[in-house]
Ligand code: HEM
């Protein structure tokens, strides 16, 4: 056996044990495939699915692009709780949507519309979890991000529990050790965590998520010393001490509507909005990735797609697990 064959055998063995394989995407890039998912899952059962969903998402965002960041955020909030099974989409008195950690989620209507469009052409075939994965990629494209191949084949879950959301979702007050541990529990590396945090290049946040950094920060500092003073003044204007929590502030202070690598540049300028963002610059385990992603826009957008495939493969339900929901807001009866 030659060295190449040996390498392939080792990769195959690793894939069998980790549930993932590495392959090319025909564009000269190497992508990891995840166990139970594939890009061609609907090839025979609903070949139009991807195009129909994309058209529905693009049409909606053409009318109003405001929900695009919200759709992207749904992927994290779905996958970290019960795996990527559409559990975040379910309505109900104690469902994940009702958790404090999910209080500002957005974009559900876009998923409803995309699901309705695909149900029209292939009823009962495409899961809500897969509709979400396609819609997330398409929202990123709409915001100026790069294309990635979406893997599909997920089934929808039937459980959605607010307590699980509080337990597993990361907090904007986390330090780097908590962030690394939180992502590691879901099988994601520190580098993937830094890359995925780059999603904060778009969208906005409410005052309560960062106001602790602006007033009476700790015994030594009134304001978090890692915030640029001019930026801190701006944030204080937006969120006075008696703030109105309906106020939203852009996550990326410089290019808030563009899906670019500028998020990492703002961290270098001490203009990260959350403690959890800014901390990435000041920790040896993450600062190298921040600096390297800040330098190259192309590197970020390419790596973001790869990291999104890993995020969207967390604890997926495939085969006979779960169901194909008819409506994303309720389980089938
Ligand atoms: C690293 C840990 C993370 C923490 C602590 C975190 C926390 C937050 C918080 C607190 C908000 C603001 C919510 C609000 O007040 O409206 C937010 C917004 C957002 N997050 Fe994250 N997030 C993290 C990672 C991610 C990841 C991995 C993604 C996607 C891949 C993501 C995508 C977004 C987007 C797009 C928004 C803006 C949403 C909108 O404007 O509707 N975040 N995040």
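Each value in this text was obtained by applying a stated rule to the coordinates, not by laboratory testing. Not measured: the values here are computed from a predicted model. For neighbour counting, all protein chains shown are included, and Cβ atoms are generated from backbone atoms with ideal geometry for every residue, glycine included.
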Here the Kirkwood hydrodynamic radius of the chain, Cα-based and in Å, equals 20.7
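Quote the relative contact order of the chain in percent (integer), defining contacts as alpha-carbon pairs under 8 Å separated by 6+ residues.
This gives 23 percent for the chain.
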Cα Rg, Dmax, the range 88-141, angstrom units
12.3, 37
Translational diffusion coefficient (Stokes-Einstein; Kirkwood radius from C-alpha pairs) of the range 251-333 at 10 °C, 1.306 mPa s, in µm²/s
103
Using only DSSP helix segments of four residues or longer, with each worth -39500 (n - 2.57), what per-residue ellipticity at 222 nm results for the chain after dividing by its residue count and rounding to 500?
-13000 deg cm²/dmol
Send over the Kirkwood Rh of the range 176-310, from the inverse of the averaged 1/r over different Cα pairs, rounded to one decimal Å.
15.3
Taking the Cβ-Cβ separation of residue 171 and residue 320 as r and a Förster radius of 25 Å, what is the calculated FRET efficiency to the nearest 0.05?
0.10
On C-alpha positions alone, give me the angle between the axis of helix 128-142 and the longest principal axis of the chain, in degrees, nearest 10.
60
Report, in whole Å, the centroid distance computed from the Cα atoms of the range 204-219 and the range 145-174.
26
So what's the projected area for the range 49-170, the Cα convex hull averaged over all directions, in nm²?
7.1
Pairing the Cα long axis of helix 108-121 with the longest principal axis of the chain, what angle in degrees results, from 0 to 90 and rounded to the nearest 10?
10
Report the relative contact order of the range 176-310, percent, no decimals, based on alpha-carbon pairs under 8 angstrom and at least 6 residues apart.
31
Calculate the length of the line joining the C-alpha centroid of the range 53-124 to that of the range 311-333, in whole Å.
13
